[in-house]
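K.L.:
Quick one: this structure, given as structure tokens, is what I'll be asking you about.
The values are calculated or read from the model by the stated rules, or taken from the named source; none is laboratory data. Values in this document were obtained by computation on a predicted structure and should not be read as measured data. Cβ coordinates were reconstructed from backbone atoms using ideal geometry, including for glycine residues, and neighbour counts include every protein chain displayed. When the accessible area is computed, the model is the full protein with side chains, heavy atoms only, and any ligands, DNA or RNA have been set aside. Shrake-Rupley method; radii C 1.70, N 1.55, O 1.52, S 1.80 Å.
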Amino acid sequence: MSGVYAIRYPDGTIHVPAAFADPAGPVIACGMDVLSPGDAGYDFYAAHAVSAEEYEEHRRDDPAESARLRAEFRKWYEARHGRRSA
């Protein structure tokens, strides 16, 4: 699955990926904002969110695609570093 998704759950909440980086220090955090109907930004994300069921369908691993991507990465790594990756 590629991309980042806002996910709509049956209870009406929308989970939106969120990240924070502090330019003054080494603080980096990733998580989810949980929006409920009436919250600022809810309507925007609701228009673009996928259902939890749709997200789970897309999230499932495709072994053939995973193997293809690993092989592609190995070729890219070897071309730039002249040796096999770990």
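K.L.:
Of GLU54, GLU72, which residue is open to solvent by 90 Å² or more (accessible area, probe 1.4 Å), part of a helix (DSSP H, G or I) and not hydrophobic (A, V, I, L, M, F, W, C)?
P.N.:
GLU72
K.L.:
Ok, one more. Within the range 2-26, how many residues are closer than 24 Å to ASP62 by Cβ and loosely packed, with under 13 Cβ neighbours inside 10 Å?
P.N.:
Of the residues in the range 2-26, 4 are closer than 24 Å to ASP62 by Cβ and loosely packed, with under 13 Cβ neighbours inside 10 Å.
K.L.:
Then there's this: I'd like to know if the range 27-48 contains one or more residues that are modelled with pLDDT under 95, outside any strand (DSSP E or B), open to solvent by 70 Å² or more (accessible area, probe 1.4 Å) and among the hydroxyl-bearing types (Ser, Thr, Tyr).
P.N.:
yes
K.L.:
Hey, another quick one. Go through the range 57-69 and give me each residue that's acidic (Asp, Glu) and surrounded by fewer than 10 Cβ atoms within 10 Å (Cβ to Cβ).
P.N.:
ASP61
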